[in-house]
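As structure tokens, the structure follows; a few thoughts come after it.
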Amino acid sequence: MKRIYTDNAATTKVSEEVLNAMLPYLTEAYGNPNSLHSAGREVRQAIDKAREQVAAAIGCDAGEIYFTAGGSESDNWAIKGIARRYGKKGKHIISSKIEHHAVLHSLAALEKDGFEVTYLDVDENGFVSVEDLEKAIRPDTILITIMFANNEIGSVQPIEEIAKVAKAHNIFFHTDAVQAVGHLPINVKEMNIDMLSMSGHKFNAPKGVGALYVKRGIILPNLIDGGSQEKGRRAGTENTASIIGMGVAIENAVKVMETESKRLAALREKLLNGLLEKIPYCRRNTPKENTLPGVANLSIRFVEGEAMLLMLDMRGICASSGSACTSGSLDPSHVMLAIGLDHGTAHGSIRFSLDKYNTEEEIDYILEVFPTIVERLREMSPIWTEENRAKIQ
Ligand SMILES: *Cc1c(COP(=O)(O)O)cnc(C)c1O
């Protein structure tokens, strides 16, 4: 059976071009980029090029890019770094209720250390209000950290406006752009972004490599002390092949972004509209505008997300849900609750996330298979009763 992979917001496949670009650095070109001999120098040059490629993709200088081990590390470094360095100036941070756990749990750690965090609400489409943000600002606010685009529902925040507010108040602005980089146009200079996190494996580079953009002039404390790598701020011999792969991946993603985002958005709408038409008692969780091209999230009432995932998997379809039973928690996703869904509707959420390898035939197959899965699950469900359905009419 052919596998249909629609969980690209969780991770993507390493593309062939990226793998081919990496292979020499896992085989013959194995020098340490910090060595002075030719074997080291050739790897150093390749890393320099990757840094240029990453910088060009987001509109900054190569000297403002720090390679890390991924999105979580970049988020931790930016947030805890600003807190450590500028905590004497103030102990208040503003974020949102729909951030990734890498941000939320970094903030929770800071709260234990005496920082105060305001988590902005979002509306039913997953957008923060710039007005709310302005109201939340205090004299002791040192950092605003708000994600560029949400990994569960796709909502893209008004980043330029948020950054403008931060700048006007002289507050640092960090954005977790892990879902946005390679998928949406970004220019950190034009957008007034001070720090930005990205992760290679969300745009067809390997897992375990990412980057943090830090605007020149902002000094974060060292993340790892040791050698002089990453200007001494994040020591350790570079993850050479992965860094080089990430450079190629980001360049390729930007090259096809315009056409690919149109194609993906059309597939996303076909999938969402088709499912909403075929399945009664559904809610579209992905906003209609200002949303990631490839993320389609909806809630199927009276069905558990986990059950849908297992049945989809049996038919060869990989998707994801906002129900977190497998992670040992009975609470549905914080994002689903933040957009105002009741627990039942939140537990019935399902996410299909598409990328360049998904085809229209795959969407057609999902449209054919998924409604019958829902029908079967509802027939078995004790909450799928006339009485319950009448209640939500
Ligand atoms: C995947 C993801 C992360 C974590 O990135 P890793 O590289 O897996 O650590 C952080 N934020 C968002 C929005 C993500 O989608």
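The GluC sites (Glu not before Pro) of segment 9-87 that DSSP puts in a loop, and whose beta carbon has at most 13 other beta carbons within 10 Å, are E28. I'd like the distance separating the alpha-carbon centroids of segment 274-326 and segment 245-266, in whole Å. Segment 274-326 and segment 245-266 have Cα centres spaced 24 Å from each other. The slack between R389 and D132, meaning 0.36 nm per residue of separation minus the straight C-alpha distance, is 88.9 nm. Rounded to the nearest 10 degrees, the inclination of helix 38-58 to the longest alpha-carbon principal axis of the chain is 50 degrees. Its residues counted as N, the chain yields a C-alpha radius of gyration over 2.2 N^0.38 Å of 1.03.
Straight-line cross-link partners of K255 among the lysines, defined as a Cα under 19 Å from its Cα and at least 8 positions apart when in the same chain: K13, K49, K202, K356.
When the residues R84, R284 are ordered by accessible surface, computed with a 1.4 Å probe over the protein chains alone, the sequence from largest down reads R84, R284.
Rounded if a/c is under 1.5, else prolate if a/b is larger than b/c, else oblate: which is segment 140-295, with a ≥ b ≥ c the root eigenvalues of its Cα gyration tensor? Taking the square roots of the gyration eigenvalues as a ≥ b ≥ c, segment 140-295 is oblate. For the chain, the longest principal axis of the alpha carbon atoms and the long axis of helix 159-168 meet at an angle near 50°.
Here the Karplus relation 6.51 cos²θ - 1.76 cosθ + 1.60, evaluated at θ = phi - 60°, turns the backbone of segment 188-193 into coupling constants of 5, 6, 5, 8, 6, 8 Hz, with x for every Gly and Pro.
Surface calculation, 1.4 Å probe, protein heavy atoms: R263 sits at approximately 80 Å² accessible.
Summary of packing: across the peptides 299-311, 224-236, the per-residue average of other C-beta atoms within 10 Å ranks them, highest first, as 299-311, 224-236. Summing charges over all other residues whose Cβ lies under 10 Å from the Cβ of S197, with Lys and Arg as +1 and Asp and Glu as -1, gives -3. Rounded to the nearest 20 debye, the dipole magnitude of the chain is 760 debye, with +1 charges on Lys and Arg beta carbons, -1 on Asp and Glu beta carbons, and the Cα centre as origin. Taking Lys and Arg as +1 and Asp and Glu as -1, the other residues whose beta-carbon sits under 10 Å from that of H105 total -2. Toward the positive end of the charge dipole of the chain, with +1 on the Cβ of Lys and Arg and -1 on the Cβ of Asp and Glu, the farthest Cα among H105, S320, L272 is that of H105. Solvent exposure of the chain, expressed per residue, is 44 Å² of accessible area, with all protein chains present and a 1.4 angstrom probe. Mean residue ellipticity at 222 nm, helices only, the chain: -13000 deg cm²/dmol; runs of at least 4 DSSP H residues each add -39,500 (n - 2.57), and the sum is divided by the number of residues. Accessible surface of D364, taken over heavy atoms with a 1.4 Å probe and every protein chain present, rounds to 70 Å². Of the solvent-accessible surface of the chain, computed with a 1.4 Å probe and all protein chains present, 52% belongs to carbon and sulfur.
The values are calculated or read from the model by the stated rules, or taken from the named source; none is laboratory data. As the structure is a prediction and not an experimental result, all values here were calculated from the model. No Cβ is skipped: glycine too gets one built from the backbone with ideal geometry, and neighbour counts run over all protein chains shown. In case anyone asks, the SASA skips ligands and DNA or RNA and just uses the protein heavy atoms, side chains included. Shrake-Rupley method; radii C 1.70, N 1.55, O 1.52, S 1.80 Å.
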